[in-house]
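Here, each number is a calculation from the coordinates, and none is a lab measurement. Not measured: the values here are computed from a predicted model. Note that each Cβ is placed from the backbone with ideal geometry, even for glycine, and that neighbours are counted across all protein chains shown.
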Amino acid sequence: MLRVAVLASGRGSNFQAIIEAKNSGYLKVDIVCLITDNPEAYAIKRAQENGIPHIYLDPKGYAASDEFFKAIADELKERSTELVVLAGFMRIVKRPLIETFPMRILNIHPALLPSFKGLHGQRQAIQAGVKISGCTVHFVDEGVDTGPIVIQAAVPVLSTDNEETLSERILKYEHLIYPYAIRLFLEDRLIINNGIVKIKVEQRYLNFLVNPVNENLVVKD
Ligand code: GAR
């Protein structure tokens, strides 16, 4: 069982998707804890309902943000964490955490990176007038949304969309690709070379593209 810790700041629907993937047997993981920087995060409730320990760390309690991330790294080391999953964790990860878990931190971003980095990826996509956007799971490095890309799903942007409707459509695919990316990681199928991720998969999974038209797509064995 891979020891996974989740970091979330808010609603935690991606956290829930990971919990469900574990409960269904799709992901052979132990979710060792939830760490949050927000005492009001709904993700805490999800942790409680699923018997997952949660830890609230107040960033204001640290003189510098490096110290805050050192405290997170210490908590995670104490729990023998092997993979850190950022699920709507709305802070730029700093060196002490990245150095403790090199290429062992995943993030999900609501756009097709490297487009629309930073906050409000969905709003940026609408403002740019793109016709296709989506979501990306990537490893976290010291840049903002710049680490090696693991997997992406393409999602159409409709002329009638606003930020909310596009966010909703993208979110469904976030919930599909995040467990899938974690599974690829735990099965040791990700090879990172010069910042490029190659996926060792059977032929039937090669060039995996989530069909944006099929809302009912389920990623199976
Ligand atoms: C998700 O859409 C995620 O992609 C985004 O925040 C939302 C969290 O939702 N993350 C970022 O924008 C990171 N830059 P959730 O709390 O329901 O998982």
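Taking 7 Å steps out from each Cα toward its Cβ at M103 and D74 produces label points 2.9 nm apart.
Counting Lys and Arg as +1 and Asp and Glu as -1 over every other residue whose Cβ lies under 11 Å from the Cβ of A17, the net charge comes to +1. With only Cα atoms counted, the range 1-54 has Rg and Dmax values of 10.3, 30 Å. Taking amide hydrogens as placed 1.01 Å from N in the peptide plane, the amide H of D30 sits under 5 Å from those of L2, R3, V4, each at least 5 positions away in sequence or on another chain. Placing a pseudo-label 7 Å from each Cα along the Cα-to-Cβ vector at S65 and K131 gives an inter-label distance of 3.8 nm.
With θ taken as phi - 60° and the Karplus curve 6.51 cos²θ - 1.76 cosθ + 1.60 applied, the whole-hertz 3J(HN,Hα) list for the range 187-195 is 8, 6, 9, 9, 10, 10, 9, 6, x Hz, x standing for glycine and proline. Taken one residue at a time, the phi angles of the range 90-106 give Karplus couplings (6.51, -1.76, 1.60, θ = phi - 60°) of 8, 9, 7, 6, 9, 3, x, 7, 5, 5, 6, 10, x, 6, 10, 10, 10 Hz. Gly and Pro are set to x. Applying a DSSP loop filter and a limit of 11 other Cβ atoms within 10 Å to the GluC sites (Glu not before Pro) in the range 9-74 leaves E40. Build a GNM of the chain with springs between Cα atoms under 10 Å apart, and of N194, N50, N107 the one that fluctuates most is N194.
Only helices enter the 222 nm calculation for the chain: every DSSP H run of n ≥ 4 contributes -39,500 (n - 2.57), and dividing by all residues gives -10000 deg cm²/dmol, rounded to 500.
For E49 and R95, the difference between the fully extended length at 0.36 nm per residue and the C-alpha to C-alpha distance is 13.3 nm.
Placing a label point 7 Å from the Cα of Y56 along the Cα-to-Cβ direction, the residues of the range 15-35 whose backbone N falls under 16 Å of that point are 34-35. I want the antiparallel fraction of DSSP beta bridges within the chain, as a percent rounded to 5. Here the antiparallel bridges make up roughly 50 percent for the chain.
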